[in-house]
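J.: Handing you a structure now.
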Amino acid sequence: MTLNEGYHAFDFADLSPREAYKVMIGTIVPRPIAWVTTVSPDGVVNAAPYSFFNCLSADPPILALGVENKPDRSFKDTAYNIRMTECFTVNIVDRANVEAMSVTAAGFDPEVDELEMAGLTAAPGQMVACPRIAEAPVAFECERYLGIEISSAREIILGRIVMAHIREDIIDPKTHYSDHEKLDALGRMGGNGYAGTMDYFDLATPSAEDVLGTKT
């Protein structure tokens with residue numbers, strides 16, 4: 001058996017953007033969901049989920065969003081609002097809020113308040129002029145750190161976390177450890193799929209000495 005036998009090899013130069021997207025979202029899983037709240041220059045609150053998201057640095061505390069532009073290459077409300085206000089909030093999606101999150105993913109016009117449509121509550125930000133979702137178990141208030149325009153179709157937005165709101169039953173304020181069962185966060189799979197974080201196990205990282213000992 002050769003090293004390539006049993007595998008399909010995809011040259012991304014031969015894939016359309018849609019084909020590349022399908023390959024990536026079906027295999028880079030589960031992806032955490034950033035339930036992003038912003039506010040327009042006119043004061044209209046916007047909420048939308050993004051699964052091209054993760055934390056990148058703790059010093060400074062940086063997270064990243066991958067935001068796709070509209071088909072005509074104009075900015076989505078999230079990207080536009082962040083550019084205009086220089087702030088946003090990332091709320092974490094738990095199982096209790098998955099249906100409300102789905103409502104905010106609908107393609108509403110810019111003047112529509114998605115939180116109102118989903119029956120959610122906007123809680124004022126403490127460090128940024130942008131609300132968080134009161135029902136979310138975790139929220140990170142962010143200042144825009146850097147925007148990277150990687151093509152006319154997509155932008156990567158880096159945000160510096162300036163404040164976190166974490167439900168009291170989830171985190172120990174002395175040790176800063178969080179209870180994943182109380183959080184019950186969800187991630188995105190391919191297509192319309194979601195996955196929970198309750199399928200959890202511990203696996204300690206071995207020392208180099210332990211690994212080398214098993215080879216002798």
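The values are calculated or read from the model by the stated rules, or taken from the named source; none is laboratory data. Source: prediction; values computed, not measured. Virtual Cβ from ideal backbone geometry, glycine too; neighbours counted across all protein chains shown. Just the protein is used for accessible areas: all its heavy atoms, side chains included, with ligands, DNA and RNA removed. Shrake-Rupley method; radii C 1.70, N 1.55, O 1.52, S 1.80 Å.
J.: How many of the residues making up the stretch 80-106 are open to solvent by 80 Å² or more (accessible area, probe 1.4 Å) and not in a helix (DSSP H, G or I)?
T.: Count: 1.
J.: Okay, next question. Looking only at the stretch 1-53, which residues are part of a loop (DSSP other than H, G, I, E, B), closer than 15 Å to I157 by Cβ and either aromatic (F, W, Y) or touching a Ser or Thr at 6+ places or on another chain (Cβ under 6 Å) (or both)?
T.: The one that is part of a loop (DSSP other than H, G, I, E, B), closer than 15 Å to I157 by Cβ and either aromatic (F, W, Y) or touching a Ser or Thr at 6+ places or on another chain (Cβ under 6 Å) (or both): F52.
J.: If you don't mind, there's one more thing I want to ask. What number of residues in the stretch 191-200 are more than 15 Å from the chain's Cα centre (by Cα) and either assigned to a strand (DSSP E or B) or surrounded by 10 or more Cβ atoms within 10 Å (Cβ to Cβ) (or both)?
T.: Of the residues in the stretch 191-200, 2 are more than 15 Å from the chain's Cα centre (by Cα) and either assigned to a strand (DSSP E or B) or surrounded by 10 or more Cβ atoms within 10 Å (Cβ to Cβ) (or both).
J.: Look at the stretch 158-190 and say how many of its residues are closer than 20 Å to N97 by Cα and either assigned to a loop (DSSP other than H, G, I, E, B) or of a type in the set (S, T, Y) (or both).
T.: Number satisfying all stated conditions: 9.
J.: Quick check on my filter: what residues within the stretch 141-153 are open to solvent by less than 50 Å² (accessible area, probe 1.4 Å) and in a strand (DSSP E or B)?
T.: Of everything in the stretch 141-153, those that are open to solvent by less than 50 Å² (accessible area, probe 1.4 Å) and in a strand (DSSP E or B) turn out to be E141, C142, G147.
J.: Restricting the search to the stretch 201-216, which residues are open to solvent by 90 Å² or more (accessible area, probe 1.4 Å) and either over 30 Å from the mean Cα position of the chain (by Cα) or charged (D, E, K, R) (or both)?
T.: D202, E209, D210, L212, T214, K215, T216
J.: In addition: Please work out which one of (1) over 16 Å from D94 (Cβ atoms); (2) over 17 Å from the mean Cα position of the chain (by Cα); (3) not aliphatic (A, V, I, L, M) is the condition G147 fails and give its number.
T.: (2)
J.: Against the conditions (1) modelled with pLDDT under 95; (2) closer than 24 Å to D94 by Cβ, where does G6 fall short? Just the number, please.
T.: Here G6 meets the rest and fails (2).
J.: Just the residues that are in a loop (DSSP other than H, G, I, E, B) and at pLDDT below 85, please, taken from the stretch 201-216.
T.: Across the stretch 201-216, the qualifying residues are K215, T216.
J.: Further question: Go through (1) farther than 30 Å from M127 by Cα; (2) of a type in the set (V, I, T); (3) under 12 Å from the mean Cα position of the chain (by Cα) one by one and return the number of the condition I28 breaks.
T.: Evaluating I28 over (1) farther than 30 Å from M127 by Cα; (2) of a type in the set (V, I, T); (3) under 12 Å from the mean Cα position of the chain (by Cα) leaves (3) as the failure.
J.: Test R160 against the stated conditions and say whether it is open to solvent by 50 Å² or more (accessible area, probe 1.4 Å), of a type outside the set (A, V, I, L, M) and either under 21 Å from S178 (Cβ atoms) or over 17 Å from the mean Cα position of the chain (by Cα) (or both).
T.: Against the criterion (open to solvent by 50 Å² or more (accessible area, probe 1.4 Å), of a type outside the set (A, V, I, L, M) and either under 21 Å from S178 (Cβ atoms) or over 17 Å from the mean Cα position of the chain (by Cα) (or both)), R160 qualifies.
J.: Same structure again: Restricting attention to the stretch 60-79, which residues are over 22 Å from A164 (Cβ atoms), open to solvent by 30 Å² or more (accessible area, probe 1.4 Å) and of a type outside the set (D, E, K, R)?
T.: Across the stretch 60-79, the qualifying residues are P71, S74, F75.
J.: What is the number of the single condition among (1) crowded, with 21+ Cβ neighbours inside 10 Å; (2) not in a loop (DSSP other than H, G, I, E, B) that L120 does not meet?
T.: Only one criterion in (1) crowded, with 21+ Cβ neighbours inside 10 Å; (2) not in a loop (DSSP other than H, G, I, E, B) is unmet by L120, namely (2).
J.: Here is a further query. If you check every pair at least six apart or on different chains, which have Cβ atoms under 9 Å apart with a residue in the stretch 201-213 that is free of Cβ contacts under 8 Å to residues at least 40 places away in the same chain first and a residue that is assigned to a helix (DSSP H, G or I) and among the polar types (S, T, N, Q) second?
T.: From the stretch 201-213, the pairs are P206/T214.
J.: Considering (1) closer than 30 Å to T85 by Cβ; (2) touching a residue at least 40 places away in the same chain (Cβ under 8 Å); (3) open to solvent by less than 100 Å² (accessible area, probe 1.4 Å); (4) not in a loop (DSSP other than H, G, I, E, B), say which one L56 fails and leave the rest.
T.: Of the numbered conditions (1) closer than 30 Å to T85 by Cβ; (2) touching a residue at least 40 places away in the same chain (Cβ under 8 Å); (3) open to solvent by less than 100 Å² (accessible area, probe 1.4 Å); (4) not in a loop (DSSP other than H, G, I, E, B), the odd one out for L56 is (3).
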